[in-house]
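Worksheet: one structure, shown below.
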Amino acid sequence: MTPASTLAPSHAETVQSAAMLCSTGKFAEALALVQPILEARASVAVPVLVGTLSVAAIAAHGLNRSTEAETYWRESIALKPDFADGYNNLGMLLKGLGRLSEAEAMFRSVVAIRPDQAQAYNNLGAVLCGLKRLPDAEAAYRQALAVRPDYAEAHYNLGIVLYELRRLHEAEAAYRQSLALRPGSAETHNNLGNVLKELGRFPEADQAYRQALTIRPQYPEALNNLGSVLKLLTRLSEAELACRLAVTIRPGYAEAHNNLGTVMADLKKLPEAEACYRQALALRPDYAEACYNLGIVLHGMNRLADAEAIYREALHINPNGVEAHNNLGSVLQVLERWSEAAVAYQQAIALRPNVVEAHYNLGNVRKELNRLEEAEAAYRQAIAIRPDYADAKFALATLLLSTGAFEEGWRLYESRYQKPDYIHPKTVAMLPCQHWRGDDLAGKSLLIWQEDGLGDILQFSRYLPLLKARGAATITVVCMAPLHRLMAAVEGVDAVLDHQGALRLASGFDRWTSLLSAPLHLHTTPDTIPPAGHLKLAEPLLDQWRSRLEALPAGHKVGLVWKGNPRHHNDANRSLPSLTTLAPLWSLPDVQFVSLQKGQAEDEAQCPPDGQPLLHLGSEVADLADSAAIIAQLDLVICVDTSIGHLAASMGKPCWIMLPGHGIDWRWMHERSDSPWYPHTVRLFRQAASESWPAVVERVREACMVEFAAPLALES
C-alpha cells in the first residue's frame, strides 16, 4: 500500500487511521472513514486516491465484498500502472475467486514491475499449478528461489509440483531443502512421506509421517498416510490404529474411511471393511475408489450380484476405471456370463491396451466360449506385454496341449514353476538336488517328485519305464500313500517314498523331476504318446477282491464315482450334485453297481435311497491298489473326471467319463469323445453348455443299453 507520508496532508491522517482499523479487523469502520475521500475522487490528487482505493479494497475484501474490492483494486492500478502491490493484491483476490487466468496476468505484471519480488513468483507458481501448467509453475518457483534461495515456502511448493510431475527424487530434495529452512512444518514432513512412500522407501516414509505427527499430533492427513504406509509394511494392527485415529479426529474424512477399509480387508475382516467403504461412500457418493474397493470385498465374500452392482456403480462414477472394468469381468466370469465378461475385459483393454490381466482374463473367457484361436491370441498378447507372466504362459500351455500342439505346449507347461500360487516353485526351493532338464540320465539316480494330483501321477506313470530305459541307475518315486503299492509295482521303479522321508534323503540324488515334465524331455507328440497298461497288481490282491465281488448277483458289474476331491478348483462343475443324479441308471437290466467313491459322498454310498442298488466298498479300501483290484473285476467304470478314471483307463478297463460344460481339463482335448491318452478304453460324455447333468446321465444310460444289449456270456 502507498505510504501515508506521500498523501496530501489533509487526507494522510484519515487514510492512516483507516489502515489501522483494517489491521485490527474493523473493516466496516475503515471503509466508512475513507468513503468521503472516494466520493470526492474527482478532486483528489492521484497519489492520494491510489492510497485511499488501496485501503478501501482491503476493507471491502475483509467484509467479503469481493466485487467491490476488485473494483477498487482495478481503479487503483488504472491510476498507477506501476502499482506492484495493487497488482499483487488483485491477483490474490482473483486467485481466491478461482479466476486463475486473470490472477496469472496480475502476478506477471508484478514480476515485470519488480523482478526481484520472490513472493510474486511464488504466487504466480501457485496460480499456474492451479491451471495444471506444471512446467510453467516449476519455472516460477525456481525463479522465486533464484531471487531468494532461503525461501522455504517456495521450496515446499516446488516439491508439490515435482511430485505431480512424477520427478520424485527431485521432489524429495525440494522438501528436504524446505525442511532445512523450516523444520517445524508438519505439512512438509507429511508430503516428504508421500514421496518416500511412492519411491518404495516405506520405513523412511513411516518416520516422515511420525515427524509430522510429533509437530502436530491431531493431523488427520498424516495419520491416514501413516496408516497407508504401515499397511504396505504389513504392520496391519498399527495401520488400523492410525486410520481409526484419523477418522476419530475427522469423522467426515472419506479417504481415511476408505483406507481403513483396505486395512480391514487385508486383516480378512471383510464385513468391517464393507462398513468402512460404505461410510466413505455415505460421505462422498461419487468416490469411485471406495466404490471399487467395496466391489472387491463383496466379491471376496462371494456376494456376486452385489459386487456386480457396485462395480457398475463405480463405472458410472468413473467410466474410465480400467480395474473396475476388469473386476466386473471377473465377477461375470464366475457367474458364467461369458459374453458379458468378454465385453468388460475388452472395455478395460480399450482404455489401457497394456492392461495385461485383462488380456489374460479375456483369453480365459474366450476359451470357455470355445473361441480357441481368439483365446490363444489374447494369451499371446498378455505374454507380449509381460514376458514373465506365468499365469498367461500356463494358460496358453494348457490351451495348446488341448488342441494337440504338444511341442510348444509342453515347453510352456514348465511355467508352472514360476506360478507363486502353485506348489511347484516351493518344490524347486525345497529340493537340494539338481532339477532334471532333459540331460543324459545314464548312471544317475533320479527322484520323481509328485507335485500334482493322484490322477496326474496315474496318467503319467507310463513314463517311468521310459525314464529307466534312458539309463537312469535308480528311480525313486515320491508320492502320496494311496499310490505307494501301485507305483512300487511299476516297471523301472526301484523305491517309493513319502514326501517327508524323501526330503531327508534328497541331497543324495543326482536329479529330480516331475512326471509331468517327462513328455517335454521325451518329445511326446499326439502320435507318440506311450501306451498305458503299466500298472501291475499282485495276484493275491486280485483274488481277495474277486471273491468279495463274486457275491454279487449275475450281470454286468459297473463301478461308479460321482464326486471328486472337493478341494479341486473346478469341483463345483465336475462333480455331480448327488448320487440321485445317477438314478436313470438303476433301470438298466442285469447290471450290478459298485461304488468306487472314497472320501466325499461316501455317506451317500453307504445309505443309498430306496431303489438304488449299490454295493459300497469304500470302508474296506485302503488305497488305490485296492481300488484297482476292484476295478479289475468290473466290466465298466462310469465316473466324473477324477483319479479313478485314470486308474481304470490305465488298466485297460473300459471307462466312461462325464465331463462338465466348463473348466474341462486340457488332457481331454477338444470336442472329442475318445482320448489319445487311452485309445479304445475311454469314452467321453461332454456336458453341452446348456445341458444339465441328468441329461448327460440319460445319454450314458442309453449308451449302456447299447453296450449291454448282447446277452451275458455263460460262465463255464
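Numbers for the structure displayed
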{"read-out": "Matching residues, region 251-282, being more than 20 Å from the chain's Cα centre (by Cα) and either surrounded by fewer than 18 Cβ atoms within 10 Å (Cβ to Cβ) or without any contact (Cβ under 8 Å) to a residue 12 or more places away in the chain (or both)", "value": "251, 252, 272, 275, 278, 282"}
{"read-out": "Qualifying position, being touching a Pro at 6+ places or on another chain (Cβ under 8 Å), charged (D, E, K, R) and either within 22 Å of residue 176 (Cα to Cα) or not assigned by TED's automatic domain parsing to the domain that holds residue 156 (or both), among 250, 216", "value": "250"}
{"read-out": "Filter result for residue 122 (in a helix (DSSP H, G or I) and modelled with pLDDT under 95)", "value": "no"}
{"read-out": "Boolean, residue 200 is surrounded by fewer than 17 Cβ atoms within 10 Å (Cβ to Cβ), farther than 27 Å from residue 272 by Cα and modelled with pLDDT of 95 or more", "value": "yes"}
{"read-out": "Of all residues making up region 326-373, the number that are within 16 Å of the chain's Cα centre (by Cα) and acidic (Asp, Glu)", "value": "1"}
{"read-out": "Members of region 678-699 that are crowded, with 17+ Cβ neighbours inside 10 Å, part of a helix (DSSP H, G or I) and among the aliphatic types (A, V, I, L, M)", "value": "696, 697"}
{"read-out": "Pick from region 591-624, criterion among the hydrophobic types (A, V, I, L, M, F, W, C) and assigned to a helix (DSSP H, G or I), ranking: farthest from residue 490 (Cα to Cα)", "value": "605"}
{"read-out": "Complete set of residues in region 162-197 that are surrounded by fewer than 23 Cβ atoms within 10 Å (Cβ to Cβ), hydroxyl-bearing (Ser, Thr, Tyr) and either in a helix (DSSP H, G or I) or within 33 Å of the chain's Cα centre (by Cα) (or both)", "value": "163"}
{"read-out": "Within region 1-105, helices (runs of 4 or more DSSP H) holding 2 or more residues that are crowded, with 21+ Cβ neighbours inside 10 Å and more than 60 Å from the chain's Cα centre (by Cα)", "value": "9-23, 27-39, 46-62"}
{"read-out": "Those residues of region 549-564 which are of a type outside the set (Gly, Ala, Ser) and surrounded by fewer than 17 Cβ atoms within 10 Å (Cβ to Cβ), in sequence order", "value": "550, 552, 553"}
{"read-out": "Qualifying residue in region 511-527 (condition: over 38 Å from the mean Cα position of the chain (by Cα) and either in a helix (DSSP H, G or I) or touching a residue at least 40 places away in the same chain (Cβ under 8 Å) (or both))", "value": "no"}
{"read-out": "Any chance residue 469 is more than 29 Å from residue 564 (Cβ to Cβ), crowded, with 22+ Cβ neighbours inside 10 Å and either in contact with a Gly (Cβ under 8 Å, 6 or more places away or on another chain) or in contact (Cβ under 8 Å) with a residue 40 or more places away in the chain (or both)", "value": "no"}
{"read-out": "Members of region 178-231 found to be of a type in the set (Asp, Glu) and over 15 Å from residue 249 (Cβ atoms), listed by number", "value": "187, 198, 204, 206"}
{"read-out": "Conditions (1) in contact (Cβ under 8 Å) with a residue 40 or more places away in the chain; (2) surrounded by fewer than 22 Cβ atoms within 10 Å (Cβ to Cβ); (3) closer than 25 Å to residue 508 by Cα; (4) not aromatic (Phe, Trp, Tyr); number of the one not met by residue 429", "value": "(1)"}
{"read-out": "Criterion violated by residue 657 - all others in (1) in a loop (DSSP other than H, G, I, E, B); (2) of a type outside the set (Lys, Arg); (3) touching a helix residue (DSSP H, G or I) at 6+ places or on another chain (Cβ under 9 Å) satisfied", "value": "(1)"}
{"read-out": "Given (1) assigned to a helix (DSSP H, G or I); (2) over 36 Å from the mean Cα position of the chain (by Cα), index of the condition residue 456 fails", "value": "(2)"}
{"read-out": "Lone qualifier among 639, 704 - being part of a strand (DSSP E or B), among the hydrophobic types (A, V, I, L, M, F, W, C) and in contact (Cβ under 8 Å) with a residue 40 or more places away in the chain", "value": "639"}
{"read-out": "Residues (hydroxyl-bearing (Ser, Thr, Tyr) and surrounded by fewer than 19 Cβ atoms within 10 Å (Cβ to Cβ)) located in region 634-677", "value": "673"}
{"read-out": "Sole exception among (1) surrounded by fewer than 17 Cβ atoms within 10 Å (Cβ to Cβ); (2) in contact with a strand residue (DSSP E or B) (Cβ under 9 Å, 6 or more places away or on another chain); (3) in the same structural domain as residue 620 (by TED's automatic domain parsing) for residue 577, by number", "value": "(2)"}
{"read-out": "Selection count where residues are in contact (Cβ under 8 Å) with a residue 40 or more places away in the chain, under 22 Å from residue 146 (Cα atoms) and of a type in the set (Gly, Ala, Ser), scope region 57-116", "value": "0"}
{"read-out": "Residue in region 700-716 that is surrounded by the fewest Cβ atoms within 10 Å (Cβ to Cβ), counting only those that are farther than 14 Å from residue 657 by Cα and at pLDDT 90 or above", "value": "706"}
{"read-out": "Close pairs (8 angstrom Cβ cut-off, 6 or more residues apart or separate chains): free of Cβ contacts under 8 Å to residues at least 40 places away in the same chain and part of a loop (DSSP other than H, G, I, E, B) in region 492-505, small (Gly, Ala, Ser) and surrounded by fewer than 14 Cβ atoms within 10 Å (Cβ to Cβ) anywhere", "value": "492/469; 498/481"}
{"read-out": "Among (1) closer than 21 Å to residue 140 by Cβ; (2) of a type in the set (Lys, Arg); (3) within 30 Å of the chain's Cα centre (by Cα) - the single one residue 201 does not satisfy", "value": "(1)"}
{"read-out": "Subset of region 399-426 (residues that are of a type in the set (Ser, Thr, Tyr) and either on the phi > 0 side of the Ramachandran plot or assigned to a helix (DSSP H, G or I) (or both))", "value": "402, 413, 415, 417"}
{"read-out": "Residue pairs meeting the criteria (Cβ under 6 Å; at least 6 apart or on separate chains; first part of a loop (DSSP other than H, G, I, E, B), in region 555-570; second polar (S, T, N, Q) and at pLDDT 90 or above)", "value": "555/592; 563/575; 564/575; 564/642"}
{"read-out": "Subset of region 670-699 [modelled with pLDDT of 95 or more and among the acidic types (Asp, Glu)]", "value": "674, 698"}
{"read-out": "Selection count where residues are crowded, with 16+ Cβ neighbours inside 10 Å and over 16 Å from residue 364 (Cα atoms), scope region 319-346", "value": "4"}
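A quick yes/no check of all residues on (1) at pLDDT 95 or above; (2) under 30 Å from residue 521 (Cβ atoms):
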site: 309; (1), (2): yes, no
site: 324; (1), (2): yes, no
site: 363; (1), (2): yes, yes
site: 370; (1), (2): no, no
site: 383; (1), (2): yes, yes
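Matching residues to (1) closer than 18 Å to residue 94 by Cβ; (2) assigned to a helix (DSSP H, G or I):
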residue	(1), (2)
108	yes, yes
111	yes, yes
115	no, no
126	yes, yes
132	yes, no
142	no, yes
153	no, yes
157	no, yes
160	no, yes
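The values are calculated or read from the model by the stated rules, or taken from the named source; none is laboratory data. What you are looking at is a predicted structure, and each value in this text was computed from that prediction instead of being measured. Quick reminder, even Gly has a Cβ in these numbers, built from the backbone with ideal geometry, and neighbours come from all protein chains shown.
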